[in-house]
2 protein chains.
Amino acid sequence: MENPVMSSLNLAALTETFREHREQFINEWREFLTFPSISADPRHDADCRRCAEWLVKHLKKIGFDEASLIETEGKPLVYAKRAGKAGPRVSFYGHYDVQPVDPLNLWGTPPFEPQLREGRLYARGAQDNKGQLFYFLKAVEVLIKKNALNVPLSLFIEGEEESSSIGITRAIPSLREKLSSDILMVCDTGTERVDAPTVTMGLRGIVFLTATLKGITKDLHSGHHGGLAPNPATELARLVATLHDGTGKIAVADFYEGVQAVTDADRKLLATGHFDEKVYREQIGVPPVGGEKGIAPAERRGFRPTIEINGFHSGYDGPGSKTIIPASAYTKITARLVGKQDPKLSLERIIKHLEAHAPKGLTLEISESGVGGPAFLANAGSPVIAKAKAVLDELSGGKTVFSWEGGSIPVVASLAIAAGAEPLLVGYGLEEDNIHAPNESFSLQQFEQGFLYAGLFLSRLA
Amino acid sequence: MENPVMSSLNLAALTETFREHREQFINEWREFLTFPSISADPRHDADCRRCAEWLVKHLKKIGFDEASLIETEGKPLVYAKRAGKAGPRVSFYGHYDVQPVDPLNLWGTPPFEPQLREGRLYARGAQDNKGQLFYFLKAVEVLIKKNALNVPLSLFIEGEEESSSIGITRAIPSLREKLSSDILMVCDTGTERVDAPTVTMGLRGIVFLTATLKGITKDLHSGHHGGLAPNPATELARLVATLHDGTGKIAVADFYEGVQAVTDADRKLLATGHFDEKVYREQIGVPPVGGEKGIAPAERRGFRPTIEINGFHSGYDGPGSKTIIPASAYTKITARLVGKQDPKLSLERIIKHLEAHAPKGLTLEISESGVGGPAFLANAGSPVIAKAKAVLDELSGGKTVFSWEGGSIPVVASLAIAAGAEPLLVGYGLEEDNIHAPNESFSLQQFEQGFLYAGLFLSRLA
């Protein structure tokens, strides 16, 4: 099938090639997953770099003209480039860092010792994003080998997506030339269902902070001091309770500035997703009753901002009771942003709210605060979206859906603007993958689907 | 100074004897402190028993006619008895169990390897209650040796004061004959200041529970699920916030039933304590602004109930951010009771309140709940209190104060009633002792004062 002139591959050929190389792909993917590249934890800085270096070597091996580390203010960025013969210039964004792994005791097997069980590979990052990134790379590898990658392609794989994207974000101005492209592909999103490949039309933005109440010199005896000392745990609970009103609406002043109304066209595409409350309850254990009352679940997720408590810790954490007033209490908070909400302003507004509602007697400290990125909205009328839909319809028998995801890939909006590119977000994640949770995994079936989508789409571009 | 007939010891003789035996006392006290008798943690059950057995051996050695373990539904009770020649029958209550030790990393030296530094002995239990219990025993030992312990004396030293007192509480009916006495002495309280020995006139009662919000199958991605799933951390914070109103008053229905008004006589004795807000702030790091607005601090501590959060834990607890909706959240709660508040009813009312305010979608689970005991109030007009005041005035040059402490010794009220005895609570604890916190310690100076009080008081009784 090798050919010195431009060629393209059809679905049958791609499927056959995948099955031939299946074992090799899995072995390499496993090796990639052994790096504990947890970007949120500075103790893993060296692991992140080793992972990035492994990736550079791998990209050279599979046929990129150049591959290297670009140093940033944060973790190194993996950059790779391959010249093309014709067609639109494609850039690709992904990340090699992963989420923390605690609570470690809930993992069936160690998070960085990948295990294949019943058609799924288990490891931290198995899906998010190492797995999805890897099916894309394997598709590119096959196209290069078969002389079927005709378009110019450049990769930007960062190491801080799970903690802030600070390195790549600050490097964007100096990357403008390298980034310049027509399509920005991202494979870091989910499918609505296993048989319904999904184009993600929107992502939420994100800001984050840690709030601590302190001032007490030590844990106090709750009898001697109960009614005297202000209780940091109680006061922090009260402070958290002020963030929303009784209807679930965010109570931070001016927070909804920039939130846009859902259009009829949005609602029509959104309906392709068929959000099912019963299925949600079965998968998650609880009904979808979070967020604002009176707004449909899929709209709440895709078109409304949130403020979520990701962690709250204070005082005794052992068996039985311990009669103390804890010396301090802290909470980790993230807010998801939509539409044109300004991330910097939104963060400032939350901090201002916390300060205004801080309890008497204790000291409020804000730390670990920052801006991930703004929300992102794709252009429903674009020809790139239409081309992707055609490929996905071919793969699924016309079952493509359009979705506004609640998650964030902080830097996507900024990268697309700097690249001058049309973003295209298609991914194969499923709820059962347990990303950000213990026992993350990715099914070989979804890995193969992702490979086929990426291969077919790239092959059709020229 | 030995004498075959009844004798009494004066302050000079007691002081001299203490200084002669100082080293021996400290060595024995250190040995007592090496047992990790943490009653709240079942992993230390065997340590509790070994500690109790050590105590029995020690009591036999220092001259009690009999000493033994009484098995209970919980930890074994240490019982000892010495027949008397004359005077009122005295019983003594103390506890050999200690608080948990976490956070362990804040201890300067290991909690069960006692260290003497700058006149203080550092260890978990150094003061509460092993230290205070031990100066009483050493005073008794000296009186026995000098033939100066004339009154009948029985000891009841339990092993669950820090977790529930369930064993001794349930054993009370079967102990009635052994308990029968005229005065019930307890050395498990504090002094207002180092130069102001203190008679504790009241203690608060206590009930406890753990409340958990659950139902979500795993930690969820806060982007994919923010606005869909109810957030257990946020919801538990809101639930905790409903426990008090904006003025710090407890918002649980009917909770104040049984709370008694402070009388003018109470206020007069209370004023001997001179609660100093400036000193409090210096010692504790924060002003005494907890509890109900519009009530003086010493009255809030001694005469008003509280509901305190002793622990609140949910979600991520590492560096940086982790974008999850935690699968669950829990809080450990204790309430202090005053006057005639019924403990069982009070606990039921809190649980009912939590259930009534529980969030939609999540499951509220109440566990580890129980009743410590009711509040205790001493009789200000009693001759026992007058006799104690005379001894304390002799020791301090007339600086005795009367205090209503905020703490609880759950079983004291029940024991006094069953014994038919007048309770007498005098103790030498100070804020700087860090009881219930890392780096607990007790000064040798306070140990000696406690020894002198116990020796002088017992010696004067006949």
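Derivation of every value follows stated rules applied to the coordinates shown; laboratory data play no part. Treat the numbers as computed from the prediction; the structure is a model and nothing was measured. Note that we place each Cβ from the backbone using ideal geometry, even for glycine, and neighbour counts take in every protein chain shown.
Points worth noting:
- Per-q log10 I(q)/I(0), segment A:114-159, q = 0.17, 0.22, 0.23, 0.32 Å⁻¹ (Debye; single scatterer per alpha-carbon; no solvent): -0.63, -0.84, -0.87, -1.15
- When B:Asp317 is represented by a point 7 angstrom out along its Cα-to-C-beta vector, the spacings to that point in the other copies are 0.2 nm, nearest first.
- Placing a label point 7 Å from Cα along the Cα-to-Cβ axis, A:His21 is separated from the same position in the other copies by 8.7 nm, shortest listed first.
- Sorted by Cβ density within 10 Å, fewest first, the residues B:Leu236, B:Leu461: B:Leu461, B:Leu236
- Once the gyration tensor of the Cα atoms in segment A:1-119 is diagonalised, the equivalent ellipsoid follows with semi-axes of 31, 22, 11 Å, ordered largest first.
- For B:Asn310, distant residues with modelled amide H under 5 Å away: B:Lys332, B:Ile333, B:Thr334
- All aspartates and glutamates inside 19 Å of A:Lys360 as judged from Cα atoms, apart from same-chain residues fewer than 8 positions distant: A:Asp219, A:Glu235, B:Asp245, B:Asp276, B:Glu277, B:Glu282, B:Glu292, B:Glu308
- Stokes-Einstein diffusion coefficient of segment B:315-411, Kirkwood radius over Cα pairs, 37 °C, 0.692 mPa s, in µm²/s: 180 µm²/s
- Lysines with Cα under 30 Å of A:Lys60, excluding same-chain neighbours fewer than 8 positions away: A:Lys75, A:Lys81, A:Lys85, A:Lys130, A:Lys138, A:Lys145, A:Lys146, A:Lys178, A:Lys387
- Cross-link partners of B:Lys340 among aspartates and glutamates, defined as those whose alpha carbon lies under 15 angstrom from its own and excluding same-chain residues fewer than eight positions apart: B:Asp254, B:Glu257.
- Once both labels are positioned 7 Å from their Cα atoms along Cα-to-Cβ, the gap between B:Ala46 and A:Tyr256 label points is 6.2 nm.
- In the protein assembly as shown, one over the average inverse separation of all distinct C-alpha pairs is 30.9 Å, which is the Kirkwood hydrodynamic radius.
- MRE, 222 nm, helices only [DSSP H, n ≥ 4, -39500 (n - 2.57), over the protein assembly as shown, to nearest 500]: -11000 deg cm²/dmol
- Across the identical copies, how the B:Gly119 labels are spaced - nm, sorted shortest first, 7 Å along Cα→Cβ: 7.6
- Across every direction, the projection of the convex hull enclosing the Cα atoms of segment B:233-361 has a mean area of 10.5 nm².
- Ellipsoid semi-axes for segment A:353-459, based on the Cα gyration tensor and the rule √(5λ), read 37, 20, 12 Å when sorted largest first.
- Taking N as the residue count of segment B:145-287, its C-alpha radius of gyration divided by 2.2 N^0.38 Å amounts to 1.64.
- For segment A:398-408, the Karplus equation 6.51 cos²θ - 1.76 cosθ + 1.60, evaluated at θ = phi - 60°, returns couplings of x, 9, 4, 10, 10, 9, 9, 7, x, x, 10 Hz by residue, with Gly and Pro reported as x.
- Set of segment B:120-154 residues, backbone N closer than 16 Å to the point 7 Å along the Cα-Cβ line of B:Ile26: B:120-123, B:126-127, B:131, B:135
- The magnitude of the dipole of segment A:102-255, with charges of +1 and -1 set on the Cβ of Lys/Arg and Asp/Glu and taken from the Cα centre, is near 180 debye.
- Kirkwood Rh (inverse of mean 1/r, distinct Cα pairs), segment A:120-201, angstrom: 15.1 Å
- Label point of B:Glu71 set 7 angstrom out along Cα-Cβ; within segment B:137-173, amide nitrogens under 20 Å from it belong to B:157-160, B:165-173.
- Rounded, prolate or oblate (a/c below 1.5 giving rounded, otherwise prolate when a/b exceeds b/c) for segment A:408-462 by Cα gyration tensor: oblate
- With neighbour counts taken as other beta-carbon atoms within 10 Å, the residues A:Glu118, A:Glu422 rank, fewest first, as A:Glu118, A:Glu422.
- With 20 Å bins beginning at zero, the pair-distance distribution over Cα atoms of chain B amounts to 23, 55, 19, 2, 0 %.
- Signed unit charges on C-beta, dipole axis of segment B:92-184, positive-most listed residue B:Ser181, B:Asn147, B:Phe92: B:Asn147
- For the protein assembly as shown, the antiparallel share of DSSP beta bridges with both residues in that region comes to about 70%.
- Residues A:Lys218, A:Lys60, A:Lys322, A:Lys293, sorted so that the one with the fewest Cβ neighbours within 10 Å comes first: A:Lys293, A:Lys60, A:Lys218, A:Lys322
- Anisotropy class of segment A:246-322 from Cα gyration tensor, a/c 1.5 cut: oblate
- Over all projection directions, the Cα-based convex hull of segment A:360-400 averages an area of 6.4 nm².
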